[in-house]
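Okay, so here's the structure we're looking at.
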Amino acid sequence: MNAVQQPYTTLNNGTKMPLLGLGVYDMYEAEAKAAVIKALETGYRLIDTAAAYNNEPEIGSAIRESGIARHEVFVTTKVANPDQGYDNTMRAFDTSMKKLNIGYIDLYLVHWPVKGKRKETWKALETLYKEKRVKCIGVANYLVPFLYELETYANIQPVVNQIEFTPWLFVKDALDFCKDKNIQLQSYSPITRGKKFDDERLQSLCKKYNKTPAQIILRWNIEHGVSTIPKSANPARIQENFNIFDFTLTKEDIAVIDGFNEGFRICENPMDMW
Ligand SMILES: NC(=O)c1ccc[n+]([C@@H]2O[C@H](COP(=O)([O-])OP(=O)(O)OC[C@H]3O[C@@H](n4cnc5c(N)ncnc54)[C@H](OP(=O)(O)O)[C@@H]3O)[C@@H](O)[C@H]2O)c1
């Protein structure tokens, strides 16, 4: 599987984005740079960072030094919660641009739906988009109530909504809403940071398909048309998480995995910000 053969989605503004990407939360300095270089060598063409991850300079330098043309790599970053609001977001965007130093940002996301700041932050993203300073804008952690609220003040639709989404947190209403509105759903903490790998139902699917727990879960995302951004700083696991395009899950097994849902969360519930 090389970089060109992996599945891409076309976002609602016509931009193409790979369905699989590398998340780079909780990796720093040399480790972050090496992980991104390894991922790009493996074939990943989507990298998901955030101002809050404190590694934009390393991510940027890995991309610059990878030898891969800038337009082939899709880079996401996010405005951090303390930087939300109109003017602060505009400044935060400039800071991320400087730190990444890769010419442009493909996707700029509202990191969390911060109470009292959501509208002004989105207006700043709309300005950045209208002024062609960023290729795409989107949101993260926008569960359905936040998406309905966004419709009351947005002139431009988000292209992506990035939420925690796993077999054990199968957020069906957000998946359906986003499909209906042509917003690409993207799953974070997709492999539950390994916390559910010993689920016996998952283990039996691993045996059936001769795939690892991470590969079954990531493939389940792809089968649902969900973009997914597993994090790994380990070269073997970066490769393992990319090896999901040589098999498919049956409809019956997809339905079985959908049934794992139990509301299990790794991260904070965004509704706490309502
Ligand atoms: N928008 C948001 O609010 C938000 C919140 C959380 C995360 N995110 C994004 O989503 C990305 C992924 O989420 P995450 O980092 O929380 O969790 P994750 O991707 O579910 O899990 C990452 C953890 O699993 C390990 N791992 C990776 N591949 C593995 C494999 N094949 N087998 C066993 N263990 C494996 C990693 O360790 P090694 O590195 O040692 O492999 C790491 O400890 C983040 O990096 C970030 O980009 C966004």
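The values are calculated or read from the model by the stated rules, or taken from the named source; none is laboratory data. Owing to the predicted nature of the structure, the values given are computational and were not obtained by experimental measurement. Reconstructed Cβ throughout: ideal geometry from the backbone, glycine too, with neighbour counts over all protein chains shown. Each accessible area value is taken on the protein alone, full model and side chains, heavy atoms only, with ligands, DNA and RNA left out. Shrake-Rupley method; radii C 1.70, N 1.55, O 1.52, S 1.80 Å.
Scan (1) surrounded by fewer than 21 Cβ atoms within 10 Å (Cβ to Cβ); (2) among the small types (G, A, S); (3) in contact with a helix residue (DSSP H, G or I) (Cβ under 6 Å, 6 or more places away or on another chain); (4) touching a residue at least 40 places away in the same chain (Cβ under 8 Å) for the single condition A52 breaks and write down its number.
With (1) surrounded by fewer than 21 Cβ atoms within 10 Å (Cβ to Cβ); (2) among the small types (G, A, S); (3) in contact with a helix residue (DSSP H, G or I) (Cβ under 6 Å, 6 or more places away or on another chain); (4) touching a residue at least 40 places away in the same chain (Cβ under 8 Å) applied to A52, the lone miss is (3).
Please go through segment 241-254 and give me each residue that is open to solvent by 50 Å² or more (accessible area, probe 1.4 Å) and either near the ligand (Cβ under 9 Å from one of its atoms) or touching a Lys or Arg at 6+ places or on another chain (Cβ under 9 Å) (or both), ordered by number.
Within segment 241-254, N243, T248 meet the criteria.
Out of I257, I238, report the one residue that is assigned to a helix (DSSP H, G or I), in contact (Cβ under 8 Å) with a residue 60 or more places away in the chain and more than 9 Å from the ligand (Cβ to nearest atom).
After applying the criteria, what remains is I257.
So which residues in segment 130-160 are within 16 Å of the ligand (Cβ to nearest atom) and either closer than 21 Å to I254 by Cβ or open to solvent by 10 Å² or more (accessible area, probe 1.4 Å) (or both)?
Across segment 130-160, the qualifying residue is only L143.
Name the residues in segment 116-140 that are touching a helix residue (DSSP H, G or I) at 6+ places or on another chain (Cβ under 9 Å) and farther than 17 Å from G85 by Cα, would you?
In the first step, residues of segment 116-140 are kept if they are touching a helix residue (DSSP H, G or I) at 6+ places or on another chain (Cβ under 9 Å); the result is 117-125, 127-128, 133-140.
Passing the criteria: R133, V134, K135, C136.
Inside segment 138-177, can you point out the residues that are assigned to a helix (DSSP H, G or I) and of a type in the set (F, W, Y)?
Scanning segment 138-177 gives F146, Y148, Y153, F177.
Quick one: is S232 in contact with a strand residue (DSSP E or B) (Cβ under 8 Å, 6 or more places away or on another chain), in contact (Cβ under 8 Å) with a residue 12 or more places away in the chain and within 7 Å of the ligand (Cβ to nearest atom)? Show your work before the answer.
Working: in contact with a strand residue (DSSP E or B) (Cβ under 8 Å, 6 or more places away or on another chain): yes; in contact (Cβ under 8 Å) with a residue 12 or more places away in the chain: yes; within 7 Å of the ligand (Cβ to nearest atom): yes.
Yes: the conditions hold for S232.
Looking at the structure I just gave you, is D258 open to solvent by less than 50 Å² (accessible area, probe 1.4 Å), more than 17 Å from T42 (Cβ to Cβ) and either out of contact with any Phe, Trp or Tyr (no Cβ under 9 Å at 6 or more places or on another chain) or not hydrophobic (A, V, I, L, M, F, W, C) (or both)?
Yes.
Restricting to segment 29-48, name every residue that is open to solvent by less than 10 Å² (accessible area, probe 1.4 Å) and free of Cβ contacts under 8 Å to residues at least 40 places away in the same chain.
Selection gives V36, L40, I47.
Okay, residues lined up against (1) away from the ligand (no atom under 13 Å from the Cβ); (2) closer than 16 Å to N241 by Cα; (3) touching a helix residue (DSSP H, G or I) at 6+ places or on another chain (Cβ under 7 Å); (4) of a type in the set (G, A, S):
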site	(1), (2), (3), (4)
G194	no, yes, no, yes
D199	yes, no, no, no
S204	yes, no, no, yes
Y209	yes, yes, yes, no
Q215	no, yes, yes, no
L218	no, yes, yes, no
E223	yes, yes, yes, no
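For segment 57-73, which residues satisfy the criterion of being open to solvent by 10 Å² or more (accessible area, probe 1.4 Å) and within 20 Å of the chain's Cα centre (by Cα)?
Those that are open to solvent by 10 Å² or more (accessible area, probe 1.4 Å) and within 20 Å of the chain's Cα centre (by Cα): P57, E58, R70, H71, E72.
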